[in-house]
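Single-structure report; data block below.
The values are calculated or read from the model by the stated rules, or taken from the named source; none is laboratory data. Note that the structure is a prediction, hence the values are computed from the model and not measured. Note: ideal-geometry Cβ built from the backbone for every residue, glycine included; neighbour counts use all protein chains shown. Surface areas here come from the heavy atoms of the whole protein model, side chains and all, with no ligands, DNA or RNA. Shrake-Rupley method; radii C 1.70, N 1.55, O 1.52, S 1.80 Å.
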Amino acid sequence: MDSLPHRTEVVIVGAGPTGLALAVTLAAAGVEFVILDRQAEGANTSRAAVVHARTLEVLDELGAAAELISRGIKISRFAVRDGSRRLLTLPFDDLPTPYPFALMVPQPVTEAVLLARLRALGGDVHRPYEISSVIQDGDGVKLATTSGDTVHATYVVGADGMHSTVRDAAGIGFTGSPYAESFVLADVLMDWTPGPGEVSLTFGAAGLAVVAPLPGGHYRVVVTVDDAPADPDLALVQRLLDERTPGQARVTELVWSSRFRVHHRVADHYRAGRLFLAGDAAHVHSPAGGQGMNTGIQDGYALGRALATGELDGYEARRRPVARRVVTFTHRMTRIATTRNPAARAVRNLALPALARLGLSRKIATELAELNYR
C-alpha cells in the first residue's frame with residue numbers, strides 16, 4: 001500500500017473501466033488526480049465482454065483503442081433466434097464509424113490496457129484503499145480511508161459501482177428495481193454449431209441465452225434462470241444450453257463461472273455539489289446487449305473532459321439521458337427475450353422478422369453500438 005497525497009484536485013473512487021477512463025482523460029489533460037481502489041490489481045470479478053463502436057471511438061481519443069483491438073476479436077453481427085430459428089440479424093459491418101464491429105474482449109483485458117495507458121501518462125492506481133467517509137464543505141471535500149489516511153480534494157468522483165459509497169455520501173437516490181430472474185455467467189470451451197462468427201441471443205420459453213465468442217476459442221455464456229446456484233458447474237451450463245439451444249452446444253470445459261442478480265436503476269442526479277457519479281454508481285441495467293461497461297467508459301471520458309474544461313454543469317445534462325435510454329432499451333430487450341406468455345412470444349416471433357424486412361435491423365445495431373450517443 002503506497003501513501004496517499006494529502007491534497008489533490010480530483011479523487012476518483014474505483015479503478016474499474018469507468019474510473020480508469022476518467023483517470024486517463026485527466027492525465028492527458030494535465031489535471032491533478034488520485035485514483036483509489038479497495039481491491040488488489042486484477043481482482044475485479046465483473047465480467048463485461050463486448051466493447052462497442054462508440055466506446056472504441058472514445059478509447060481512440062485516449063490512445064488505447066489500437067492495443068485493445070489487437071487483443072480482442074471483431075464480430076460483425078448479433079443473431080437473434082427462438083430455439084434454432086433465426087428471427088433477426090443485427091449487422092455492425094456497415095455502421096457509420098471507423099470501428100464497424102463489436103469487439104469481443106474480456107473486461108480484465110480492457111482494464112489492463114487502460115491501466116497501461118494510465119501508467120504511460122505517468123499515473124497509477126493506489127490500492128488497496130477503502131473509503132470510510134466523504135465530507136464536503138465550501139472549500140472542498142475531505143475523504144478518509146479505513147487505513148486512517150485523509151485526502152483533501154476539490155472534487156470527488158464515485159466510480160465505485162452499484163453499492164457506491166460516494167453516492168450514499170452524496171445522499172443521491174438510486175431509483176429502480178431488481179429483476180426477478182438471476183443470471184448464470186460462464187466462460188467455456190465448447191463445440192457450438194453457429195460458430196465463432198457472431199454473438200447469438202436465443203429466446204425461449206425457459207428464458208434467454210446469450211453465447212458470445214471470446215479470444216482463445218472460448219465462449220461467454222449468459223443464461224437467465226429463476227434462482228442460480230452460487231457456483232454453476234459444467235453439468236448445469238450444459239443442461240441450460242440443451243434447454244435453450246437444443247442440439248447446438250457441447251461444453252467440453254468450464255473455465256470460470258458465477259451468478260449475479262440484475263437491477264435496472266438510474267441515479268436521481270449525477271452531481272451533488274463537489275461529488276460526481278459515473279458508471280455503475282450512476283446506472284445499472286440488464287446485460288442484454290452488453291451496454292453497461294460501454295456507457296461507463298463514455299461517462300468517464302465525458303466527466304474527464306468536463307473537469308478539464310470547467311464545464312461541469314453539462315455532464316449530468318449530457319450523460320443522464322443516455323443512461324435512461326440505455327436502461328429503457330435493455331429493459332425492453334430483457335422483457336421481450338424472457339416473456340413466458342405464449343401469445344406475447346408468438347407476436348414477438350412475427351414482429352422481429354418484420355422489423356428486418358422494414359430495414360430496422362441497422363437502426364437497432366446503431367443503438368447497440370451507442371453511436372446515437374456521440
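Okay, here's what the table says:
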read-out	value
Over region 83-169: Rg over Rh, Cα atoms, Kirkwood Rh	1.18
Accessible surface of region 1-69, 1.4 Å probe, proportion on carbon and sulfur as whole %	43
The chain, helix-only ellipticity at 222 nm - DSSP H runs n ≥ 4, -39,500 (n - 2.57), divided by all residues, nearest 500	-10500 deg cm²/dmol
Region 280-343: trypsin sites (Lys or Arg not before Pro) in DSSP coil with no more than 15 other Cβ atoms inside 10 Å	Arg340
Fraction of accessible area attributable to carbon and sulfur, region 129-215 (%, probe 1.4 Å)	51
Per residue, in Å², the accessible surface of region 251-374 once ligands and nucleic acids are set aside, probe 1.4 Å	43
Residue-normalised accessible area of region 133-214, expressed per residue, 1.4 Å probe, Å²	35
Pairwise Cα inverse-distance average, inverted: Kirkwood Rh of the chain (Å)	21.2
Top positive-direction residue, dipole computed over region 115-186 with Cβ charges, set Leu143, Leu185, Tyr129	Leu185
For region 184-333, diffusion coefficient by Stokes-Einstein and Kirkwood Rh (Cα), 37 °C, 0.692 mPa s, µm²/s	191
Rounded Å value of the spacing that divides the Cα centres of region 207-285 and region 80-113	16
Percent carbon-and-sulfur accessible area, region 225-371, ignoring ligands, DNA and RNA, probe 1.4 Å	54
Cα principal axis extents for region 249-374, largest first, Å	51, 41, 25
Gyration tensor (Cα) of region 297-365, equivalent ellipsoid semi-axes in angstrom	37, 14, 8
Two-decimal Rg/Rh across region 1-159, once Rg and the Kirkwood Rh are taken from alpha-carbon atoms	1.08
Theoretical gain in end-to-end length, Glu311 to His263 [0.36 nm per residue, Cα-Cα removed]	14.2 nm
Size descriptor, Kirkwood hydrodynamic radius, that averages inverse alpha-carbon separations across region 114-215, Å	18.6
Kyte-Doolittle at least -1.0, axis length at least 30 Å by Cα - qualifying DSSP helices, the chain	313-338
